[in-house]
Amino acid sequence: MFKGRHFDRSVILLCVRWYLAYNLSLRNLEEMMAERGISVDHATVHRWTVHYAPLLLEQFNRRKRPVTSKWHMDETYIKVRGRWMYLYRAIDSNGDTVEFWFSERRNLAAAKRFLSRALKRHGRPERIVIDGSPTNWEVILSCDTADRLQDRTRRDLKPIRIRQSAYLNNRIEQDHRAIKRRILPMLGFKSLSSARVILGGIEMVHMMRKGQAKYARNLQSPLAEQFDLLAA
């Protein structure tokens with residue numbers, strides 16, 4: 001993963017982890033590395049993050065613990081080049097992240113792509129809680145019907161139950177805040193592609209803090225240890 005890099009693996013992982021996990025700017029990291037006698041440009045840190053975040057997330061997803069069969073689904077707003085775009089997210093009844101998907105648009109196609117990914121990766125939930133969005137209701141019905149028609153096991157699959165309640169969906173609204181807190185100091189993303197990659201890294205760190213990796217010894221497993229295990 002680090003073959004041919006000018007900088008040591010430990011320096012790269014440190015910068016990527018700090019940028020994804022803490023409210024630091026790229027220039028903050030440049031200054032912090034300089035204080036340690038390491039000359040690295042802030043643009044280089046950004047390139048490292050864009051390159052390594054997807055690779056680390058892929059490794060994480062292979063070692064992610066199963067989620068429960070009761071989900072909460074919602075979307076939140078993220079600014080890219082001055083425009084609002086949409087981060088679709090779902091968590092389970094324990095508060096663990098099920099899936100996420102960043103989209104330029106908030107519509108039926110985007111919501112369907114998000115839920116289809118979640119169903120493919122985690123299987124069918126018993127219940128999904130949503131707010132008052134008629135689009136999300138329609139998407140669940142559509143994906144549920146398609147999933148049951150494509151099932152070849154000949155099981156009598158029960159329809160996914162939909163619970164529409166803004167009060168019950170406060171759980172995921174609270175979970176959005178952890179992502180939004182990290183994004184706020186970034187003052188907006190410059191492109192859709194970099195936003196998608198960096199948001200994936202931020203979501204990965206959020207899942208690590210929840211102890212969602214199978215390799216995590218406990219909920220207090222240090223982020224540094226978890227990053228090292230992924231990059232091994």
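The values are calculated or read from the model by the stated rules, or taken from the named source; none is laboratory data. Nothing here was measured: the structure is a model prediction, and the numbers come from that model. As a convention, Cβ positions derive from the backbone with ideal geometry for all residues, glycine included, and neighbour counts pool all protein chains shown.
Have a look at 19, 77, 88 and point out the one that is crowded, with 19+ Cβ neighbours inside 10 Å and in the same structural domain as residue 132 (by TED's automatic domain parsing).
So the residue among 19, 77, 88 that is crowded, with 19+ Cβ neighbours inside 10 Å and in the same structural domain as residue 132 (by TED's automatic domain parsing) is 88.
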> Looking at (1) within 25 Å of residue 224 (Cβ to Cβ); (2) outside any helix (DSSP H, G or I); (3) without any contact (Cβ under 8 Å) to a residue 60 or more places away in the chain, which is the only condition residue 51 fails?
Replying inline: (2)
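Looking for something among the polar types (S, T, N, Q), within 17 Å of residue 199 (Cα to Cα) and either free of Cβ contacts under 8 Å to residues at least 40 places away in the same chain or surrounded by 17 or more Cβ atoms within 10 Å (Cβ to Cβ) (or both) - is there at least one such residue anywhere in segment 131-145?
Taking every residue of segment 131-145 in turn, none turns out to be among the polar types (S, T, N, Q), within 17 Å of residue 199 (Cα to Cα) and either free of Cβ contacts under 8 Å to residues at least 40 places away in the same chain or surrounded by 17 or more Cβ atoms within 10 Å (Cβ to Cβ) (or both).
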> Which members of segment 42-63 meet the condition of being crowded, with 17+ Cβ neighbours inside 10 Å and either of a type in the set (Lys, Arg) or out of contact with any helix residue (DSSP H, G or I) (no Cβ under 7 Å at 6 or more places or on another chain) (or both)?
Replying inline: 44
> Inside segment 77-97, can you point out the residues that are β-branched (Val, Ile, Thr) and modelled with pLDDT of 95 or more?
Replying inline: 91, 97
> Only one of 173, 104, 99, 126 is assigned by TED's automatic domain parsing to the domain that holds residue 78, among the acidic types (Asp, Glu) and more than 26 Å from residue 199 (Cβ to Cβ); which?
Replying inline: 126
> Inside segment 32-41, can you point out the residues that are surrounded by 12 or more Cβ atoms within 10 Å (Cβ to Cβ) and free of Cβ contacts under 8 Å to residues at least 24 places away in the same chain?
Replying inline: 32, 33, 41
>> Which numbered condition in (1) touching a helix residue (DSSP H, G or I) at 6+ places or on another chain (Cβ under 8 Å); (2) among the charged types (D, E, K, R); (3) closer than 30 Å to residue 166 by Cβ is the only one that residue 70 fails?
In response: (1)
